[in-house]
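Working notes, structure below.
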């Protein structure tokens, strides 16, 4: 895959069909990469990477890149294509400037899961069929890939690309039985007090670094209200720890109906807070109240919360579901 | 050197906790963090904690003073909470060095009395590393992971905890637990030091060169053409600054409580868009400038003002936590010239 992608990128750049390529650059270790804007074929040849660890969703970088004009190519995994469509729907990117190369993805590994097995001093990782062989200064460890796969990939909703101009590798199918709402259902089954305790426990670890917001393809405001000194609710410091928790709840509301469930928020959280569960709760609710809807599936449909149908649920639904309204 | 059998470790913790609050690394579901010790809490020997030990002396949010208005009078309410003695056990060599760096900022004139008070009340007990990771680069800054600083340095070797006091405060703490300790020779510790030093040689970043940042390099580094490329993918989040044991910038906020003012200070991040925003505007309006500020501060400005000491201790947290894996090591390699 990597060589095919690299060669195609070099070809597009050399032929002048695009003047830059949005991809991933090799990192310091065997498991890290950095999103990169390549403008030089030699740079691509030496540094481009696509492997089991190239997890970052590149679609949000297109918002800034489109403002610069010129044509660009971007590599999108199936889940990233949902974000791309949603950004197009919201007029945040210019479709005509972008050549989308859909790429096959079989799920990405989470190095934190590798390290959580007590594997330190990693000097190399090789993929051998269904296993990783992790070389460390303390010896080699072999482990099944699925055991260290990122949480979001274990419940992958779709291997199908929603958009592409060309494809490298295969496009797959949507998987309605991925089980991505299982944990939400567990939380729903809790008593309100248990659920409150669960979220207070998780959110109490928040250090308010804003990584979840800044990486989120649905968070593309020019300036977030929480960063704006003139908004009256600038929130670099919270008065109470509960206010800190509310940030995440407010953000989940703001992206409701627009969140494609790409899972970047939970991937980047330095405190390992399962933020995607908040978004999934909203998605599950909307599916149940307004009919199945997947943000980013297309670029034209109206989202449930910005649409009106005669058979939409009534506000009293909150009571009917046992809420305290 | 003193020693305590590992089987008596719990008694040791209990003896300290009977005198003052004791915090130590504890494994949780999501990694390791400092927790208050109480009976039943198990000390974690994990390499390092998610958050650094600077939190004990420079907390993320701190209520510094309240003002209460009644009629035409304003009452000033002291909200200080940092007056209790406490012990932090299990601090690694990298974090231990960070206190020296923070001291140079907060204990220099004008002294930050909140920080100074916590430093005066806190006793730091450090733990030598035995299983360093690939992200460790303390060696680049002359830190010896086998001989951590602190009021007391500890080693866990063979079946004992070995303790060596470095300061009066450390001596005082050891005296309090004297009934539990016995004298021991240094053979086991020396053997461990030698073995870990051999392990450290195999780590990829222990000898990361720093020479390129020594001497009169301010303008050369500041004007480097590499900053735009290095910072291009930066999300502008505050992860690197908030997990960093040496980042020390803060902001002060006043909250209107309706009948007064609550004044708080909180960590600030040079990565944020309103950092250094003043009445005239902002001196750094792009992410390139903000990104450059962070690394110039650690590698050039801080050493220039502090006798050549770098503002980084090589703990490696930013290496593992940055959402896009851009970090000080990559910056040093790129600006140092060896990535050419």
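The values are calculated or read from the model by the stated rules, or taken from the named source; none is laboratory data. Source: prediction; values computed, not measured. Neighbour counts run over all protein chains shown; Cβ positions are idealised from the backbone, glycine included.
Screening B:144, B:109 for residues that are modelled with pLDDT under 95 and surrounded by fewer than 22 Cβ atoms within 10 Å (Cβ to Cβ) leaves exactly one candidate, B:109.
Every residue, every condition in (1) away from chain B (no Cβ under 13 Å); (2) touching a strand residue (DSSP E or B) at 6+ places or on another chain (Cβ under 8 Å); (3) part of a helix (DSSP H, G or I), yes or no:
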residue	(1), (2), (3)
A:70	yes, yes, no
A:75	yes, yes, no
A:79	yes, yes, yes
A:86	yes, no, yes
A:92	yes, no, no
A:112	no, no, yes
A:134	no, yes, no
A:160	yes, yes, no
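Quick check, is residue B:295 touching a strand residue (DSSP E or B) at 6+ places or on another chain (Cβ under 9 Å) and either within 12 Å of another protein chain (Cβ to nearest Cβ) or in a helix (DSSP H, G or I) (or both)? The answer is no for residue B:295. Looking at B:219, B:174, B:208, B:230, just one residue is farther than 30 Å from residue A:268 by Cα and touching a residue at least 24 places away in the same chain (Cβ under 8 Å), and that residue is B:174.
Taking (1) under 21 Å from residue B:293 (Cβ atoms); (2) buried (at least 17 other Cβ atoms within 10 Å of the Cβ) in turn, residue B:196 satisfies each apart from (1).
Okay, residues lined up against (1) at pLDDT below 95; (2) surrounded by fewer than 23 Cβ atoms within 10 Å (Cβ to Cβ); (3) more than 25 Å from the chain's Cα centre (by Cα):
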| site | (1), (2), (3) |
| --- | --- |
| B:241 | no, yes, no |
| B:261 | yes, yes, yes |
| B:265 | yes, yes, no |
| B:291 | no, no, no |
| B:294 | no, no, no |
| B:322 | no, no, no |
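Among the residues of region B:7-41, those identified as over 19 Å from the mean Cα position of the chain (by Cα), more than 20 Å from residue A:272 (Cβ to Cβ) and free of Cβ contacts under 8 Å to residues at least 60 places away in the same chain are B:10, B:14, B:17, B:18, B:37, B:38, B:39, B:40, B:41.
The set of residues in region A:167-180 that are touching a helix residue (DSSP H, G or I) at 6+ places or on another chain (Cβ under 8 Å) and not in a loop (DSSP other than H, G, I, E, B) contains only A:168.
Filtered by the rule that a residue be crowded, with 19+ Cβ neighbours inside 10 Å and more than 10 Å from chain B (Cβ to nearest Cβ), region A:27-51 gives A:38, A:44, A:48, A:50. Scanning region A:58-86 for residues that are in contact with a helix residue (DSSP H, G or I) (Cβ under 9 Å, 6 or more places away or on another chain) and under 16 Å from residue A:106 (Cβ atoms) yields A:75, A:76, A:79.
Meeting the requirement of 1 or more residues that are under 30 Å from residue A:244 (Cβ atoms), touching a strand residue (DSSP E or B) at 6+ places or on another chain (Cβ under 8 Å) and within 10 Å of chain A (Cβ to nearest Cβ), the helices (runs of 4 or more DSSP H) wholly within region B:182-273 are B:239-243.
Go through A:194, A:244, A:202 for me and flag whichever is over 22 Å from residue A:80 (Cβ atoms), touching a residue at least 12 places away in the same chain (Cβ under 8 Å) and out of contact with any helix residue (DSSP H, G or I) (no Cβ under 8 Å at 6 or more places or on another chain).
A:202
For region A:181-271, the helices (runs of 4 or more DSSP H) that sit wholly inside it and include 1 or more residues that are more than 21 Å from the chain's Cα centre (by Cα) and either surrounded by 13 or more Cβ atoms within 10 Å (Cβ to Cβ) or away from chain B (no Cβ under 14 Å) (or both) are A:182-189, A:192-203, A:241-254. Selection within region A:7-26: residues that are in a loop (DSSP other than H, G, I, E, B) and free of Cβ contacts under 8 Å to residues at least 12 places away in the same chain. The member of this set that is nearest to the other protein chains (Cβ to nearest Cβ) is A:16.
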